[in-house]
Amino acid sequence: MAHIALFMALMAGHAQAWDPSALPLPPSPSPRTPAFAPSLQTSPSSSFRTSASSKGPFCSLSSFSASPSASSASSKGRFSSPSPKFHFNMPHGLWGGFGAGVARPLSAGNQLLVRRRRAGLSNGMMVEERSHPDINVFEEACEQGEHNFRKVVMEVDIDGNKLRLESGEVGRLAAGAVMAKQRDSIVYSTACGDLNLDKEEVVEDFVPLSVHYQERSSAAGKTSGGYIKRDGRPSDEEVLTARIIDRTLRPLFPPGFCREVQVLSWVLAYDPQANVDPLALISSSAALLASPIPFDTPVAGVCIGMDAKGKFVINPTREALKTSRLNLFVSGTEESVMMIEGAADFLSDEQMVEAIELGMKAIKKICIGLRLFAAKTLEARKEVSLRELIRQPDESLFEQFEEHLGEAMVSAICTGSSSKRDVYTAIFGLEDEAKRIFLEGKEDLPPGYAIDVKTTFKRFAAEKMRQFAKEKDQRVDGRTTRQVRPISVRMSPLAPAVHGSSLFTRGETQALATVTLGDSGSRQRSEGLDGEESKRFYLQYSFPPSSVGECGRVGAIGRREIGHGNLAERGLLPVIPSEDDFPYTIRVESLITESCGSSSMASVCGGCLALFDAGVPLKRPVAGVAMGLLLPENLKRGNEENKEAIMRKMEEEAVILTDILGLEDSLGTMDFKVCGDAKGITAFQLDIKCEGLSVNLLKSALAQAREGRVHMLVHMLKAQAKPRPELAPSVPKLVRFSVPLVAIGKIIGPGGTTIRSLIEEFKLTNIDIVETKSEGVVTITALSSDNIAKAEDKVRFLAQEANNFSPSSTATLKKKAADPEVGKVYKDCTIVGVHPFGCFVELWPGKEGLVHVSELDKERIDSVELRFKIGEKMDVKVLALRDQKGKIRLSRKAVLERGGGGGGEGGVGRGGEDEGKKEEMWPSMTDRKK
């Protein structure tokens, strides 16, 4: 009751300086909702004053400092009270955010928690939390209704933007749940797994990890299209982000852990000024780290762009990345790179390494915060990482393999055969021998021993391959470490029906690439958080199971195909000509017919050649190559005590391979794909199977990759040195020209009737009109050049006619922007629509009316369509400005009855010279009925 009495005294304005240690401790919390322990540092002379206006629910903060004075350098982002000076370590983003309570400066009520901190429940964590000046990890308690949520919060400054992580309020039943916020963007991630300690273990040689990422339409204030109005099948962009998360997290699960794990991420709120892709990876990593799932290595990611001045920018907006020369996503741990994905506009190797190093600095800071955040969260939940779920592999098997199969393995990797079947048979044929030696006839084997034999065999084969390549500079197929497999190119294998095609073969990897050219209607359209987008150039990649000689699922495109196609598309995008130079929409398809390593890079080479064959004026040719890496088995994992020494040793013993085989990809440590030419890089992708690589290794791999690209370009240019001078006969002909803005309505016609009639009359493929600020751009597409010429003449005539009669052409015609005059006869009006019920007639551009079938002639008309045609002229009289359906009522019959020609089939209308003077002689139809 002491704290209640104190609170009442404060409300009455009688607070005095007091000793918080004199207060009794509140009751101990339940195990699932542990007490949260603030850290308060005071000097002997400190005193605390509170305001009588302090009231209402408050959030308790466990990371702050109080001192009589503070230097100006350390007072940034803090709040002070009157003398004696009282400073709080309050990050800017603390006062708002998803689920944040009402945060207040220190008050008497907050002091209730000081004794808990002194009781040691925080285990001195606050000392570590001060290890970085830009990182704050603290606990925050907020009363929300009848719940007393206790959140663990991490805040870190990344290049001027505040990143905030929260756990403890949302998703409390998941193994780990984290809210990540930057600006107004919020990503919610959860991690769940099979953590039943009593379950009978099913041992596998992989982690059954599934990662899903969704950008909810409501995050941007939108509703999904379609009838259901519900977010459903993930878009390509969502799949690519999920792949980035998966490829970063998967290598960091410890060997021997094979329980099912699922990581889910949702974008709940989207701010265009904050890229949500890095947030999704960081929140997913935090959810795993803050859970009992044995995932103990902090990992984070950042996006790097380049501004107009050539300066690298950390986490630019998605809109800025569209025009940036660099779009790089880097993920890593505190010491090493884990994954790279991105595209560039011919940046040099040196620039790429500089960008990676900049990104790693930010990643290291985030990882430090993640480590503190995870420790604080697990402490608050009174949980620990379940290391007992990790089965320790039998490491003694490696030495036994050396004893029993050492010489046989050396013989197997020295076959020198370029045949995939021969190489796989020679090496994996020894796996059966290994099973016979270590498994047959043996009883009472420990659980998972067969899996240990299988995984140890792969490790043993990889180590022998590395040793052989290091000592002899020779690989399993007889090549040196820098040598590219034999290359063959066949141009135009599908001519003349296909616009452009090529068959690119490198060793036993083969891609059949085709190019299809079209107009704007062929663009690939998609809808995301930033609105609707359309791509003028896109590449679609297909990998059927027959390409590896297997049976498999055929149907909807898989994640792997989306990822490989996106990489090849990014590799070719920088060399695609601008729309002004080449107005066609370009679609490239890559069908993988054989695969034995790096089919995506074969798609880049084959796609470039197919574009040349189609006559697309590429800015320059590009090629792609996949680099591999063989690391010593004892350096791939662990070794946390002396990381720097291990990294140096790794750089010395590593073997970098150019143009890797499927076997080298399977048994190796790295798959690093690089696209570009001799001068720069256009796209890149790095995947690894260890706990990280040093930047120096990446430098060496980039330099060696440049040699491989140049070698491939030489062979490609021998087959086709430049684009064909003419397009294929099957390519639709296309013409583009400008028209005045006032003519757009005239060309389209009411409800699109005029433009549809033009397409039908001249047998066109399409007519597309794009409205700009100053003009309309008309694009006409057809298979016949003659038809295009005729259609262009007709459209130009309509545009000229509309421009001549534009309301802005003369002062007289400006009056026509208003409604027409009732009773007045208008001559030579164009028929713009013909229907069974009558004709729509254009009085002037933008003003139309209906001549009902009963008003078309003095005699009955059986068929309006047979009697009148679009484009013909007729004289009409205005009967009324609005009928029951809101249309202007016109009459041709009234003109004929008065002696005019009327136009149409009856001939050109003659009418009177001054219709305005004869209005009284020709009353309206309504007046005559009266």
Q: Enumerate the residues in segment 271-300 having an amide nitrogen under 17 Å from the point lying 7 Å beyond the Cα of residue 387 toward its Cβ.
A: 289-298
Q: Any aspartates and glutamates with Cα under 19 Å of the residue 773 Cα? List them, leaving off those in the same chain fewer than 8 positions away.
A: 579, 580
Q: Report the charge-dipole magnitude of segment 733-801 in Debye, nearest 20, computed about the Cα centre from +1 at each Lys and Arg Cβ and -1 at each Asp and Glu Cβ.
A: 60 debye
Q: Would you work out which of 418, 469, 406 lies farthest towards the positive end of the dipole of segment 395-472? Charges go on Cβ: Lys and Arg +1, Asp and Glu -1.
A: 418
**Q.** For peptides 215-224, 757-766, 278-287, sequence by mean Cβ density within 10 Å, most packed first
**A.** 278-287, 757-766, 215-224
Q. Relative contact order for segment 824-895: what is it in percent, counting Cα pairs under 8 Å that are at least 6 residues apart?
A. 35 percent
Q | Label-point separation, residue 822 to residue 345 (7 Å along Cα→Cβ), nm | A | 6.1 nm
Q) How big is segment 646-780 by the Kirkwood estimate over distinct Cα pairs, in Å? A) 20.5 Å
Q) What ranking of 844, 266 comes out by heavy-atom accessible area, probe 1.4 Å, highest first? A) 266, 844
Q | Unsatisfied cross-links (Cα-Cα over 19 Å) in the set 365/699; 619/722; 869/893; 151/382; 322/733; 322/364 | A | 365/699; 322/733; 322/364
Q) Taking a probe of 1.4 angstrom, what is the accessible area of residue 368 in Å², to the nearest 10? A) 40 Å²
**Q.** Gained length - residue 205 relative to residue 789, 0.36 nm times residue gap less alpha-carbon distance
**A.** 203.6 nm
Q | Relative contact order (%) - criterion: Cα under 8 Å, at least six apart; region: segment 733-801 | A | 42 percent
Q) For residue 500, which sequence-distant residues (separation of 5 or more, or a different chain) have an amide H within less than 5 Å of its own amide H, given hydrogens modelled in the peptide plane? A) 515
Q: Apply the Kirkwood formula to segment 395-472: the hydrodynamic radius equals the inverse of the mean of 1/r over all pairs of different alpha-carbon atoms; give it in Å with one decimal.
A: 13.2 Å
Q) Restricting attention to segment 344-451, which trypsin sites (Lys or Arg not before Pro) occupy a DSSP loop and are surrounded by at most 10 other Cβ atoms within 10 Å? A) 442
Q | Computed FRET value (nearest 0.05) for residue 442 with residue 736, which takes r as the C-beta separation and R₀ as 60 Å | A | 0.20
(Q) Quick check on segment 824-895: take the gyration tensor over C-alpha atoms, sort the square-rooted eigenvalues as a ≥ b ≥ c, and tell me if it's rounded (a/c under 1.5), prolate or oblate. (A) rounded
Q) Under a point spin-label approximation (7 Å from Cα along Cα-to-Cβ), what is the residue 311-residue 144 distance to one decimal in nm? A) 3.9 nm
(Q) Give me the one-decimal Kirkwood hydrodynamic radius in Å for segment 733-801, with the sum taken over alpha-carbon pairs. (A) 11.7 Å
Q: Could you order 699, 790 by accessible surface area, starting with the largest, using a probe radius of 1.4 Å?
A: 790, 699
Q) Taking amide H positions as placed 1.01 Å from N in the peptide plane, with prolines and chain starts having none, which residues 5 or more places from residue 593, or on another chain, fall under 5 Å of its amide H? A) 510, 511, 512
Q.
Run the simple label-point estimate for residue 161 and residue 212 please: 7 Å along Cα→C-beta, distance reported in nm.
A. 2.7 nm
Q | Sequence-separation-based contact order of segment 668-735, relative, with Cα cut under 8 Å and 6+ spacing, percent | A | 27 percent
Q) So what does residue 345 come to for accessible area, using a 1.4 Å probe and Å² rounded to 10? A) 70 Å²
Q: Estimate the FRET efficiency between residue 678 and residue 580 by the formula 1/(1 + (r/R0)^6), using the beta-carbon distance for r and 22 Å for R0, to the nearest 0.05.
A: 0.20
Q | FRET efficiency estimate (nearest 0.05) - Cβ-Cβ, residue 472 to residue 435, R0 30 angstrom | A | 0.55
Q) At a probe radius of 1.4 Å, what is the per-residue accessible area of residue 712, in Å² to the nearest 10? A) 0 Å²
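The values are calculated or read from the model by the stated rules, or taken from the named source; none is laboratory data. Note that the coordinates shown come from a computational prediction; the quantities given were computed from them, not determined experimentally. Virtual Cβ from ideal backbone geometry, glycine too; neighbours counted across all protein chains shown. Ligands, DNA and RNA are stripped out before the accessible areas are found, and what is left, the full protein with its side chains, is counted by its heavy atoms. Shrake-Rupley method; radii C 1.70, N 1.55, O 1.52, S 1.80 Å.
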